[in-house]
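Quick notes on the structure that follows.
The values are calculated or read from the model by the stated rules, or taken from the named source; none is laboratory data. As the structure is a computational prediction, the values presented were derived from the model and not from experiment. We place every Cβ from the backbone using ideal geometry, glycine too, and count neighbours over all the protein chains shown. Note: areas computed on protein heavy atoms with side chains; ligands, DNA, RNA excluded. Shrake-Rupley method; radii C 1.70, N 1.55, O 1.52, S 1.80 Å.
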Amino acid sequence: YCGFYAEEKLIENLASMSTSERIKAIQKMPETMKKKREIRNKVLKEITKKSKHGSTRLSCCTQCLQGPVVSLRRFGNTLAEYFHLLQLWNKTLKIIGAEFGTSVLSYFIFLKWLLTFNIFSFLINFSFITIPQFVAAEPNNLSFTGLELFTGDGYFHQTVLYYGFYTNATIRKIKNGPSYNMQLAYIFTVGIYFLICFLILLFSMAKSFCRNFISIQIYTGNASKLLCTWDFNITNEKAVKLKQKNLSTQIKEGFTEVNKEVLNLSVRERVIRIVVHLASWFAFLATAAAACSGVYFLAINNLKLFVKGQKHDQESQAATLVLPVVASLLNTFVPFFYSWLGHLERFHTPGYQIYVTIARNVILKMSIIGVLCHYWLNIVAVSESQCWETLIGQDIYRLVLVDFIFCLLGSFFGEFLRRIVGTTVCVSLGLPEFDIGRNVLDLIYAQTLTWIGILFSPLLPAIQMISFSIVFYVKKVSLLMNCQPPRKVWRTAQMSTSFMFLLFFPSLVGVLSVIGVTVWRLKPSEACGPFRGLPSMYAAVSEWIKILENYTASKWVVWIYHNLISSELFFFVLTAIVL
């Protein structure tokens, strides 16, 4: 009798709990599975009995509301399922992860992540800068020839694509109606966008670092993958096979991380290995220095021939493509040489080789961008051009477009033709592997150019958004048709953190430096753009603050400006916190 009473009391207690608490309580009971099922069934019966008894007391209004609430809940669940199915490239990423492992998958996830950055940038620039400009825009009298798609000059010169087309006037659709200050809209839109990018990257890096470096548990992770990861809701045969393959690849990567090879080299072999490493780094530095020198002298020559002449004929426009073509040639073919150096050095693991290749490509690409920024800010900005901001925007447009074309050509020559050679001419070569380091740095290089160009060409993220979408599909097809999975399966949990760090530094930090110099130090053009006639772009904010000082309701904005924005101490403390 006491046991029966105790069980009744237990069932009443479980019935009064929430669903999650009840499940945990039943799981923790030191009983057999059969006994636990019996208790669960009794609890469910008790809950049903109480609900039927309580339903007779419900008011008519409550009973009427129950149906719509249940329907809304079901609709919400169905909508969530459809959103999951419509998630961008979700199925494609699963296939790539199952076939090629997480190392190759990390590239495509990173590409998808960058695409969202550009979609966000395009939406805010188009909403707050471009749409208001359409109200005050003057008709474009230039003819469209088609060459503008490659050069960015000609017809595009007088469109919303470039800084110089935007007005410095306060826009009013209706006389004596609300006004729109284009100067403040331009500088605040760009500034807030970069602030959001900075915070998102900082948060993403911290989250990824915590997950992949601090909280990593290799052995427990492999055990959980083997015993507890299967999703029993999967019933489709193709989905089941894909899930099995994905889990198998992840477990192999985990075991490879645990069972690292230890090489016992003789003294002679170690000396040879050190000499090869030193020779490879010397060859890398020599090629990087030569590439940067070539880009600099070509840029100077480009300014003398085409900027000072201010020619707009087709021959002169086509000649402006020389600089971006040479820069893209260097960025495309020199990394192949670096990849060959990596194979020559024979690192212990594929991870070491990829990280070294990435480091070399970072130095090369950021050096080229650094040389170009020096050319733009110190030579073009003080040239005799009527609108140097538009000239920089056109240069970056050409660089982005030509880099995109060379990225597609790299997939053709580097992967498709390599597969033809490896399967017909020289069978011993076999199929190529997907070069993660080179492809990731191509993305970072393209995104860095886009970030620099936002100030001079507000719609540049739209162009990059289209190019990244095409690159994703081209790389996916090339990967599945031409490449083989990595010969050595290896775990790459830290790879995504490294990509984010490289995007943050030197990419975003360098871009913020360039934008800061442009906004605070350089004098805007006198004949074009929203900041014409001002000593600097930032002077528009200073003049706005002077106006706000006359209004009592805006004193808090003035206080923030003087005590935070204009304070060196505030930025010093903020930098110390970030670092």
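Tabulated data for the structure shown
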quantity	calculated
T448 assigned to a helix (DSSP H, G or I) and either outside the structural domain of F110 (by the TED database) or open to solvent by 10 Å² or more (accessible area, probe 1.4 Å) (or both)	no
All helices (runs of 4 or more DSSP H) inside region 472-561 with 1 or more residues being acidic (D, E) and open to solvent by 30 Å² or more (accessible area, probe 1.4 Å)	539-548
Qualifying helices (runs of 4 or more DSSP H) (wholly inside region 311-404; at least 3 residues being over 26 Å from the mean Cα position of the chain (by Cα))	314-319, 322-345
When residues of region 316-352 are limited to those that are buried (at least 17 other Cβ atoms within 10 Å of the Cβ) and modelled with pLDDT under 80, the one farthest from R273 (Cα to Cα)	Q317
Residue among V558, V514, V519 that is farther than 23 Å from K207 by Cα and outside the structural domain of A359 (by the TED database)	V558
Failed item in (1) under 22 Å from T116 (Cα atoms); (2) open to solvent by less than 30 Å² (accessible area, probe 1.4 Å), with T159 passing the rest	(1)
Qualifying residue in region 118-126 (condition: open to solvent by less than 60 Å² (accessible area, probe 1.4 Å), assigned by the TED database to the domain that holds T189 and among the β-branched types (V, I, T))	yes
Residue that is crowded, with 17+ Cβ neighbours inside 10 Å, part of a loop (DSSP other than H, G, I, E, B) and touching a residue at least 24 places away in the same chain (Cβ under 8 Å), where the choices are T102, T130, T145, T167	T167
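This table checks each residue for (1) more than 20 Å from L534 (Cβ to Cβ); (2) touching a helix residue (DSSP H, G or I) at 6+ places or on another chain (Cβ under 7 Å); (3) not polar (S, T, N, Q).
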position	(1), (2), (3)
Y155	yes, yes, yes
Y162	no, yes, yes
A169	no, yes, yes
S179	no, no, no
G191	no, no, yes
C197	yes, yes, yes
